[in-house]
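Below: the structure, in structure tokens.
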Amino acid sequence: MSIAAEPPIDPNRPSAARIADVFLGGTHNFASDRAVAARAIELLPDTPAIARANRAFLRRAVRYAAGRGIRQFLDLGAGIPSLHNVHEVARDLAPDARVLYVDIDPTAVLYARHLLAGDPAATVVHGDLLRPAALLDEPEVQELLDLDQPFAVLLSNVLHFLPDGPALDAALATYRETAAPGSVLAISHVTPSDHTELTERFTALYNGTDTPLTPRKPDEVERLFAGWRLVEPGLVYCPEWRPDPDDEPVSDPARFVTLGGVGEK
Ligand SMILES: C[S@@+](CC[C@H](N)C(=O)[O-])C[C@H]1O[C@@H](n2cnc3c(N)ncnc32)[C@H](O)[C@@H]1O
């Protein structure tokens, strides 16, 4: 299903979804994506580890939400199916979990459709997370999700592709206002941290693609949680957010340049 005209896949234009797929060792990418990814890894050799740490954060946030009784997940900017897909993680704890994946990238939607074919409790829609009303009104979404019940809004490594402005503010306000009490918001987000020069070079690299980067400082990321109560430990570097007991301790969390946090309504 598609709530917006789905553009054709253009192998010559690098896309954020497919570049992320390269970082995660996936195979759903083209030479144009691999060229940007290679340059990113040149600038910041930790990039694949950072992408994996982000997926691990997402996994822990999903488990947290499932542990709070949440059975509905809205994964916005879900990307190409990869490590720890939300429906797999959620169902480990909650076999009745329902998951809506949303992405604006046709490659991500194509492979998610393929993965989810025949799954009545998980679906993917092609859409823009900045148009939540259109998204949430879709009959297929209404059928899958009961918006009167709490749900988890997952914004993992996506908001830094969206500039500040009224469209972002309004979209976040709609998700917040729609969410029933007990709902959860998880965000991971690239931050300049102490590595300002590196972030600038990284930003310049993405600014040459269709998906420019807007890294945000911690207080700016925190503002994205307006109206949600951040749960412990608050907004931290991804590996620091409720690590699993067997996770290796991280000596320099700032090198992960990605903040993660979970809010509750
Ligand atoms: C870096 S990937 C992150 C994928 C996944 N969430 C993760 O954490 O691994 C960012 C994804 O956000 C998607 N995206 C960017 N802007 C979007 C928008 N306005 N609406 C929906 N998806 C968007 C991109 O297509 C891409 O798949």
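Descriptive notes on the structure:
For (1) free of Cβ contacts under 8 Å to residues at least 12 places away in the same chain; (2) more than 12 Å from the ligand (Cβ to nearest atom); (3) farther than 18 Å from Asp33 by Cβ; (4) not in a strand (DSSP E or B), each residue gets a yes or a no:
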site: Ile80; (1), (2), (3), (4): no, no, no, yes
site: His84; (1), (2), (3), (4): no, no, yes, yes
site: Ala90; (1), (2), (3), (4): no, yes, yes, yes
site: Pro95; (1), (2), (3), (4): yes, yes, yes, yes
site: Arg113; (1), (2), (3), (4): yes, yes, yes, yes
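- Candidates in segment 122-172 are the residues that are away from the ligand (no atom under 14 Å from the Cβ), without any contact (Cβ under 8 Å) to a residue 40 or more places away in the chain and part of a loop (DSSP other than H, G, I, E, B); of these, the one that is surrounded by the most Cβ atoms within 10 Å (Cβ to Cβ) is Leu147.
- Of all residues in segment 15-34 being without any contact (Cβ under 8 Å) to a residue 24 or more places away in the chain and closer than 14 Å to Thr47 by Cα, the one that is surrounded by the fewest Cβ atoms within 10 Å (Cβ to Cβ): Gly25
- Hits in segment 193-252 - residues which are hydrophobic (A, V, I, L, M, F, W, C), surrounded by 15 or more Cβ atoms within 10 Å (Cβ to Cβ) and assigned to a loop (DSSP other than H, G, I, E, B): Leu213, Leu224, Phe225, Trp228, Val231, Leu235, Trp241, Val250
- Qualifying positions in segment 18-35 - away from the ligand (no atom under 12 Å from the Cβ) and over 27 Å from Val236 (Cα atoms): Thr27, Phe30, Ala31, Ser32, Arg34, Ala35
Here, each number is a calculation from the coordinates, and none is a lab measurement. A quick note: this is a predicted structure, and the numbers were derived from the prediction, not measured. Using ideal geometry, Cβ is built from the backbone for each residue, glycine included, and neighbour counts are taken over all protein chains shown.
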